Amino acid sequence: METNTQWILSKRPAGEPDLDCFERKETATEEPAEGEILVQTRYLSVDPYMRGRMSEQESYAEPWAVGDPLKGGIVGEVAATESEAYDVGDLVTGEGLWAEYSLLDADDVAPVDPSVAPPEAYLGVLGMPGRTAYFGLLEIGDPAPGETVVVSGAAGAVGSVVGQIAKLNGCRVVGFAGSDEKTTWLTESLGFDAAINYKTTDDYQAALTATAPDGVDVYFDNVGGPITDAVFTQLNLDATVAVCGQIAHYNAESVPTGPRKLPQLIAPRATVQGLLVGDFVTRFEVATDQLSEWVTDGTLEHRESVVEGLSNAPEAFLGLFAGDNIGKQVVQVTADT
Ligand SMILES: NC(=O)c1ccc[n+]([C@@H]2O[C@H](COP(=O)([O-])OP(=O)(O)OC[C@H]3O[C@@H](n4cnc5c(N)ncnc54)[C@H](OP(=O)(O)O)[C@@H]3O)[C@@H](O)[C@H]2O)c1
C-alpha cells in the first residue's frame, strides 16, 4: 500500500497564521469501498475561508480540530475505483484533502472536462469561486444595465469573475485590488472601466468619486475594512451590498471598536445581504453550464496562480493574505499528463 502525504492542522493561529500551524503527516493510502473512488490530486485549492476553519470559534465554515487533516477543493485523477460512474484515469473535482490522495464518495464528485478549460480552472472560474460570483452578483447584487458595480478583491478568484459578469450585464465596473499589475489586468484584459490600487491610493473616497462619478448601485464586498468604509459613503438610493467575504478582518484578534459606517446606509436605504454560495447548491449546474459556455467562447477570461508542490501548500495559503495571487490560487500536486 502506498503512503499518502497529507497536511494536518498542528495548532490554531493567533492573529495571522504562520507555517507552524501546519504539519505534514504520512498515512497509508486507503482502498476504495463500494461506491468510492481514490483520487490522486493534481491541483489543490487554497481559499480565504480556510482561515475561519483554523479558528475555534464558528465562522461560516465548520472549524477544523487540531490534528485534523486539512480539506479543500481538488481536481485529480481516479487512481482506483469501486464505482461504475468513474474509470481509472478519469479527471474529477470535489472536496478532498490537502494530500496526494483522497478517498471520496463517487456521488460527491463531478467530472472535469479538460476540453472546456484546463483542469485547474475547475477550482476557480468553473468551481466554487465562479459560482459564488455568478449567484452573488446576479441574484443578490442584481444590477441593472447602466448601473455602477464596485467590487473589492477584484483581481481574485471571485472578484475577477464578478466584474466580468457585471460588464456582460451592461454595468459600469470599478474594482479595488492591491497592485498595479492587478489593476492593469482588470482594465486592460477584463474590461473593467476603472481599477484602484488600494495599496498606493491614500484617499479611497476621492478615488471612487473620480471613477464612479454617478455613485455606487451595487457593491460586491470581498474584503471589508477601509475599502468598504469608503464605498459606503458613495452608495446611491436603493443600493445593494452583497457581503461575500471580509478578508481584511480574518486575522483580527478582536473586533475593532469606534464609530461605525452604518449611518451611511440610512439615506440611501441600502440593502446589505450576506452571501453564502452553498445556498445555491441545487442550482450549481446552471452556473457551471453558463460559466463553461462563457469560458469556451472566450467571453470570460480566467487566470490561475499556480504554486508547485504539495509541500508548498501552506505558503500558497498564507500568500492569499499578502495578495500574492492573481485570479485563483491553486497548488499543483502532480503534473498534467
Ligand atoms: N460567502 C461565500 O460563499 C464565499 C465564497 C467564496 C469566497 N468568499 C470570500 O470572498 C473573498 C474572495 O475570495 P477568493 O477565493 O476570490 O480569494 P482571492 O480574492 O482570490 O484571494 C484573496 C485576495 O484578497 C486580497 N486581500 C488580502 N488581504 C486583504 C486586505 N487586508 N484588504 C483588502 N484585500 C485583501 C488579496 O488581493 P489584493 O492584492 O487585492 O490585496 C488576495 O489576493 C474572501 O473574503 C472569501 O472568504 C466567500
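If a residue has to be of a type in the set (A, V, I, L, M) and surrounded by 15 or more Cβ atoms within 10 Å (Cβ to Cβ) to count, how many in region 261-275 make the cut? Number of matching residues: 4. Condition check: in contact (Cβ under 8 Å) with a residue 60 or more places away in the chain, over 16 Å from the mean Cα position of the chain (by Cα) and within 12 Å of the ligand (Cβ to nearest atom). Does Thr240 satisfy that? Spelling it out, it is not the case that Thr240 is in contact (Cβ under 8 Å) with a residue 60 or more places away in the chain, over 16 Å from the mean Cα position of the chain (by Cα) and within 12 Å of the ligand (Cβ to nearest atom).
Taking the criterion of being part of a loop (DSSP other than H, G, I, E, B) and touching a Lys or Arg at 6+ places or on another chain (Cβ under 9 Å), the residues of region 113-134 that qualify are Gly124, Val125, Gly127.
For region 284-316, taking the residues that are among the β-branched types (Val, Ile, Thr) and away from the ligand (no atom under 16 Å from the Cβ), the one that is farthest from Thr200 (Cα to Cα) is identified as Val286.
Just checking, does region 317-327 include any residue being away from the ligand (no atom under 13 Å from the Cβ), modelled with pLDDT of 95 or more and buried (at least 16 other Cβ atoms within 10 Å of the Cβ)? Checked region 317-327: no residue is away from the ligand (no atom under 13 Å from the Cβ), modelled with pLDDT of 95 or more and buried (at least 16 other Cβ atoms within 10 Å of the Cβ).
This table checks each residue for (1) more than 23 Å from Ser305 (Cβ to Cβ); (2) at pLDDT 95 or above; (3) out of contact with any helix residue (DSSP H, G or I) (no Cβ under 8 Å at 6 or more places or on another chain).
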site	(1), (2), (3)
Met1	yes, no, yes
Arg12	yes, yes, no
Glu26	yes, yes, yes
Gln40	no, yes, yes
Arg53	no, yes, yes
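Across region 209-226, the qualifying residues are those that are under 15 Å from Gly163 (Cβ atoms), more than 13 Å from the ligand (Cβ to nearest atom) and of a type in the set (A, V, I, L, M), and the one among them that is surrounded by the fewest Cβ atoms within 10 Å (Cβ to Cβ) is Ala212.
A count restricted to region 50-72 and to residues that are over 25 Å from Ala106 (Cα atoms), touching a residue at least 40 places away in the same chain (Cβ under 8 Å) and assigned to a loop (DSSP other than H, G, I, E, B) stands at 6. For Gln205, the criteria (1) in a helix (DSSP H, G or I); (2) under 21 Å from the mean Cα position of the chain (by Cα) hold in every case but one, which is (2). Among residues of region 93-107 that are over 12 Å from Glu34 (Cα atoms), those with a beta-carbon under 6 Å from a residue that is small (Gly, Ala, Ser) and surrounded by fewer than 20 Cβ atoms within 10 Å (Cβ to Cβ) at least six positions away or on a different chain give the pairs Thr93/Ala110. Scoring Ala242 on the criteria (1) part of a loop (DSSP other than H, G, I, E, B); (2) crowded, with 17+ Cβ neighbours inside 10 Å; (3) touching a Leu at 6+ places or on another chain (Cβ under 9 Å) leaves a single failure, condition (1).
For the criterion of being at positive phi, more than 10 Å from the ligand (Cβ to nearest atom) and small (Gly, Ala, Ser), Gly153 fails. Among the residues of region 72-125, those that are of a type in the set (Ser, Thr, Tyr), more than 24 Å from Asn325 (Cβ to Cβ) and either in contact with a helix residue (DSSP H, G or I) (Cβ under 7 Å, 6 or more places away or on another chain) or crowded, with 21+ Cβ neighbours inside 10 Å (or both) comprise Ser83, Tyr86, Tyr101.
Do we have any residue at all in region 166-189 that's of a type in the set (A, V, I, L, M), within 16 Å of the ligand (Cβ to nearest atom), under 24 Å from the mean Cα position of the chain (by Cα) and part of a helix (DSSP H, G or I)? Within region 166-189, one or more residues are of a type in the set (A, V, I, L, M), within 16 Å of the ligand (Cβ to nearest atom), under 24 Å from the mean Cα position of the chain (by Cα) and part of a helix (DSSP H, G or I).
Could you tell me whether Asp229 is touching a residue at least 12 places away in the same chain (Cβ under 8 Å), within 14 Å of the ligand (Cβ to nearest atom), surrounded by fewer than 17 Cβ atoms within 10 Å (Cβ to Cβ) and of a type outside the set (Lys, Arg)? The answer is yes for Asp229.
The values are calculated or read from the model by the stated rules, or taken from the named source; none is laboratory data. Keep in mind that this is a model prediction, so the values were computed, not measured. Cβ atoms come from the backbone with ideal geometry, glycine included; neighbour counts cover every protein chain shown.
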